[in-house]
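Worksheet: the structure to be examined is printed underneath.
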């Protein structure tokens, strides 16, 4: 059995990071539960300053998905009309996998600036966890889309899933599945984003 060198391992990680994409269209095939659980387990190894492990992952089945789609239809009908609402709802129904990711609210005894700092740090940790999840899924030929659209900010979004917004804050609605289309992407060169300071 051969062991890859640190340089080879680093190159592989870099490749996975570069090849991950936000996927807008999925094939209808379902993803094995064990695959999703493995990615969530890896997600929980995100950096977490206070070791609060604030992330919570909710796997949405058909009933929960429909609850969110109903909320979408209600809100979109009011703003853009029934036709637009129906079209978007039909697109959402085609997404094979749904996760809602939240961050736990700090305990009541954490107050003042300490509460603010912990809230910020916990939110950042959950974002890192979502990135970990997305990278592991991508490495297995799967795609994800991290959504924070209008419906997710609706005050009824978490309650309709049985999640108490006084104890958890929304971070992302993650769609996942096998990509129907993998978009191309570019990034600015390092010299445009790296700045030296003496």
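Take the stretch 132-160 and flag every residue that is more than 29 Å from residue 20 (Cα to Cα), in contact with a helix residue (DSSP H, G or I) (Cβ under 8 Å, 6 or more places away or on another chain) and either assigned to a helix (DSSP H, G or I) or modelled with pLDDT under 95 (or both).
160
Taking residue 71, is it modelled with pLDDT of 95 or more, outside any strand (DSSP E or B) and more than 17 Å from residue 43 (Cα to Cα)?
Values: modelled with pLDDT of 95 or more: yes; outside any strand (DSSP E or B): yes; more than 17 Å from residue 43 (Cα to Cα): yes.
Judged against the criteria, residue 71 is a match.
Answer yes or no as to whether residue 112 is at pLDDT 95 or above, surrounded by fewer than 16 Cβ atoms within 10 Å (Cβ to Cβ) and at positive phi.
yes
Hey, can you tell me all the residues within the stretch 95-109 that are surrounded by fewer than 21 Cβ atoms within 10 Å (Cβ to Cβ) and either farther than 30 Å from residue 69 by Cβ or touching a helix residue (DSSP H, G or I) at 6+ places or on another chain (Cβ under 6 Å) (or both)?
Passing the criteria: 98, 106, 107, 108, 109.
What about residue 174, is it assigned to a helix (DSSP H, G or I), touching a strand residue (DSSP E or B) at 6+ places or on another chain (Cβ under 6 Å) and under 24 Å from residue 26 (Cα atoms)? First the steps, then the outcome.
Numbers: assigned to a helix (DSSP H, G or I): no; touching a strand residue (DSSP E or B) at 6+ places or on another chain (Cβ under 6 Å): yes; under 24 Å from residue 26 (Cα atoms): yes.
No.
Just a yes or no: is a residue in the stretch 37-53 loosely packed, with under 15 Cβ neighbours inside 10 Å, touching a residue at least 12 places away in the same chain (Cβ under 8 Å), more than 18 Å from the chain's Cα centre (by Cα) and assigned to a loop (DSSP other than H, G, I, E, B)?
Yes, because at least one residue in the stretch 37-53 is loosely packed, with under 15 Cβ neighbours inside 10 Å, touching a residue at least 12 places away in the same chain (Cβ under 8 Å), more than 18 Å from the chain's Cα centre (by Cα) and assigned to a loop (DSSP other than H, G, I, E, B).
If you take the residues of the stretch 55-80 that are touching a helix residue (DSSP H, G or I) at 6+ places or on another chain (Cβ under 6 Å) and under 26 Å from residue 119 (Cα atoms), which of them is surrounded by the fewest Cβ atoms within 10 Å (Cβ to Cβ)?
Ranking the candidates gives 57 first.
Looking only at the stretch 122-141, count how many residues are crowded, with 18+ Cβ neighbours inside 10 Å and out of contact with any strand residue (DSSP E or B) (no Cβ under 8 Å at 6 or more places or on another chain).
Within the stretch 122-141, the subset crowded, with 18+ Cβ neighbours inside 10 Å is 122, 125-126, 129-130, 132-138.
Now drop any that are not out of contact with any strand residue (DSSP E or B) (no Cβ under 8 Å at 6 or more places or on another chain), which leaves 132, 135-136.
Number of matching residues: 3.
Residue 89 fails exactly one of the following numbered conditions: (1) loosely packed, with under 14 Cβ neighbours inside 10 Å; (2) on the phi < 0 side of the Ramachandran plot. What is the number of that condition?
(1)
In the set 182, 117, which member is surrounded by 12 or more Cβ atoms within 10 Å (Cβ to Cβ) and part of a loop (DSSP other than H, G, I, E, B)? Break it down into steps so the answer makes sense when it comes.
On the way: 117 fails: part of a loop (DSSP other than H, G, I, E, B).
After ruling out the rest, the residue left standing is 182.
The values are calculated or read from the model by the stated rules, or taken from the named source; none is laboratory data. The structure presented is a predicted model; accordingly, all values stated were derived computationally and were not measured. Positions of Cβ are generated from backbone atoms using ideal geometry, with glycine treated the same way; all protein chains shown enter the neighbour counts.
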